[in-house]
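The values are calculated or read from the model by the stated rules, or taken from the named source; none is laboratory data. Just so we're clear, the structure is a prediction, and the values are computed from it rather than from any experiment. Virtual Cβ from ideal backbone geometry, glycine too; neighbours counted across all protein chains shown.
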Amino acid sequence: MSEPFERAKALFFDCLAHLESGRLIEAEQAFSESLALVPGRASTLSNLGVVRRRLGRLDGALAAFDELVRVQPEQAEAWLCRGEVLLQLDRHEEALADYDRCLAIDPNRALAWSRRGSLLRLAGRLEEAADAFKRALTLGDDSETTRYFLASVAERQAPPAVAPAGYVQSLFDDYADDFDHHLVDVLHYDVPQRLLGPLAGRRFAQALDLGCGTGLCAPLLAPLAAVVDAVDLSERMVAKARERGLYRDVTQADLVAHLQTTERRYDLVAAADVFIYIGDLAPVFAGVRRVIEPGGVFAFSAEQGDEARDFVLRPSLTYGHSSNYLKRLAAEHGFEVADLQPHALREDQRRPVPGWLVWLRQTA
Ligand SMILES: C[S@@+](CC[C@H](N)C(=O)[O-])C[C@H]1O[C@@H](n2cnc3c(N)ncnc32)[C@H](O)[C@@H]1O
C-alpha cells in the first residue's frame with residue numbers, strides 16, 4: 001500500500017479518537033489533512049462534513065457533502081447529509097431536491113420523509129406534506145413530534161393537547177441566541193409592552209412569568225412587583241433569562257407541572273406568546289387558580305383561532321384559541337374578564353398574526 005494512503009489511514013483513526021473525545025477542531029484538521037492525502041475518499045468526506053456541521057461551519061460542511069454526492073451519487077445517506085445542511089442554511093428548494101434524491105434511492109428513510117413534510121408544509125403544499133408525515137410515521141419516525149406536524153397540516157386530525165416538550169425545547173434551545181433580535185426587530189413583537197403596559201402604576205407583591213423565554217417581560221414586570229419568578233422549558237432560554245438578573249428564580253420546567261407543584265403564591269401571573277404551544281388550556285387555568293392570590297391578575301396573550309372550535313393547530317405549528325373558549329375557561333376557574341382585546345402578536349411571512357390580549361381577575 002502507498003505511503004500517502006497509510007498516512008491518510010493513520011490520520012483517519014486519529015480523527016475518530018478526537019471525535020470520540022469531543023475534540024472537534026482537532027478532528028476537523030486531521031480529517032482535512034487525511035483528505036488532502038487521499039482526495040475523494042467517501043468516509044473521510046462524510047466525517048469531515050459531520051464535524052464541520054457540529055462546529056457550525058455550514059459552508060465548509062456543504063463543500064464536503066457536495067464532494068460526497070459527487071463521488072457517491074448512489075448513496076441515499078450522502079443526499080440526506082447534504083439535505084440537512086441545505087435545510088440549516090435555509091436553502092429550502094435545494095434541500096427538498098436532496099431529500100427527494102435520497103428517497104428515490106431508499107424510500108425507507110423516515111427522517112427524509114419527515115423533512116420533506118416540513119419543507120412542503122412551509123411551501124404551503126399541505127396535502128403532500130401530510131402524505132410525507134404519514135410515511136415518516138409508518139417508518140417509525142419520532143412519533144410524538146411527527147404526529148404534531150401531521151395534525152398541523154391535516155384538518156381532520158384532532159390536534160394534540162400540547163406541543164411535544166422535546167420539540168419546544170430544541171426549537172428554543174436553537175433559537176435562544178437570535179431570539180430577541182429576530183422577534184423584536186424582524187417580527188415586530190411588542191406583546192410584553194402591550195400586555196404589561198396597562199398595569200403600570202399598579203403594585204404587586206409577587207409576579208410569575210410563564211414561559212419567560214429570554215426574559216423580554218422582565219424589565220416590565222420588575223417595576224410592577226417586589227419579586228418576579230419565571231419558568232420555561234428551554235434550558236438555553238432559561239440561561240438567557242437568568243443572565244438578565246431581574247428574576248428571583250427561573251425554573252426550568254413545563255409550566256403546568258410547575259403550577260401544580262410550586263409552594264409559592266402570586267398576585268400577578270403573566271404569559272406572553274406562550275399559549276401558542278399549548279392547545280388545551282384547562283390545566284393551565286387550573287394551575288394558575290392554584291397559585292394565584294384572591295384578586296390577583298392573570299394577563300396573557302393567545303393567537304386567534306376558529307370561533308367554532310376551542311382551539312386549532314395551524315400549519316405554522318402554533319395553536320389558536322377562540323375568544324369564547326378563553327372566556328369559558330375564565331368563568332370555570334373563578335376569573336372575571338377585566339379586558340380582552342384583539343392585537344397583532346407578531347408577523348409571520350410578513351403578515352400580522354391576529355391575537356388576543358387578555359386580563360383576568362381572580363374572584364372566587
Ligand atoms: C415565543 S417564546 C415567548 C417568550 C417570552 N414570554 C416573551 O414574551 O418573549 C415562548 C416560550 O415559551 C416556552 N414554552 C413553550 N411551552 C412551554 C411549556 N409547556 N412550559 C414552559 N415553557 C414553555 C418556550 O420554551 C419559549 O421560551
Condition test on residue 39, is it in a loop (DSSP other than H, G, I, E, B) and within 27 Å of residue 135 (Cβ to Cβ)? no
Residue 172 is checked against (1) under 13 Å from the mean Cα position of the chain (by Cα); (2) not assigned by TED's automatic domain parsing to the domain that holds residue 311 and fails just one. What number does that condition carry? (2)
So for the stretch 195-209 (the condition being free of Cβ contacts under 8 Å to residues at least 12 places away in the same chain and on the phi > 0 side of the Ramachandran plot), does at least one residue qualify? yes
Name the residues in the stretch 194-243 that are over 25 Å from residue 344 (Cβ atoms), surrounded by fewer than 19 Cβ atoms within 10 Å (Cβ to Cβ), within 15 Å of the ligand (Cβ to nearest atom) and over 19 Å from the mean Cα position of the chain (by Cα), would you? 222, 242, 243
Within the stretch 348-358, considering residues that are in contact with a strand residue (DSSP E or B) (Cβ under 7 Å, 6 or more places away or on another chain) and surrounded by fewer than 19 Cβ atoms within 10 Å (Cβ to Cβ), the one nearest to residue 285 (Cα to Cα): 354
Any residue at all in the stretch 72-81 that is in contact with a Gly (Cβ under 8 Å, 6 or more places away or on another chain), part of a helix (DSSP H, G or I) and under 19 Å from residue 57 (Cβ atoms)? yes
Lone unmet requirement of (1) within 13 Å of the ligand (Cβ to nearest atom); (2) surrounded by 15 or more Cβ atoms within 10 Å (Cβ to Cβ); (3) of a type outside the set (Gly, Ala, Ser) for residue 181: (2)
For the stretch 244-256, give me the residue count where each residue is near the ligand (Cβ under 8 Å from one of its atoms) and either modelled with pLDDT under 95 or not in a loop (DSSP other than H, G, I, E, B) (or both). 2
Checked the stretch 149-159 for anything at pLDDT 95 or above and within 16 Å of the ligand (Cβ to nearest atom); matches are 152
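Does at least one position in the stretch 258-271 carry a residue that is within 11 Å of the ligand (Cβ to nearest atom), over 25 Å from residue 187 (Cα atoms) and buried (at least 19 other Cβ atoms within 10 Å of the Cβ)?
Within the stretch 258-271, one or more residues are within 11 Å of the ligand (Cβ to nearest atom), over 25 Å from residue 187 (Cα atoms) and buried (at least 19 other Cβ atoms within 10 Å of the Cβ).
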If you take the residues of the stretch 307-347 that are part of a loop (DSSP other than H, G, I, E, B) and charged (D, E, K, R), which of them is surrounded by the fewest Cβ atoms within 10 Å (Cβ to Cβ)? 307
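If you go through the stretch 283-302 one residue at a time, do you hit one that is under 16 Å from residue 163 (Cα atoms), surrounded by fewer than 22 Cβ atoms within 10 Å (Cβ to Cβ) and within 14 Å of the ligand (Cβ to nearest atom)?
Yes, because at least one residue in the stretch 283-302 is under 16 Å from residue 163 (Cα atoms), surrounded by fewer than 22 Cβ atoms within 10 Å (Cβ to Cβ) and within 14 Å of the ligand (Cβ to nearest atom).
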Among (1) exposed (fewer than 14 other Cβ atoms within 10 Å of the Cβ); (2) within 16 Å of the ligand (Cβ to nearest atom); (3) without any contact (Cβ under 8 Å) to a residue 40 or more places away in the chain, residue 188 falls short only on (3)
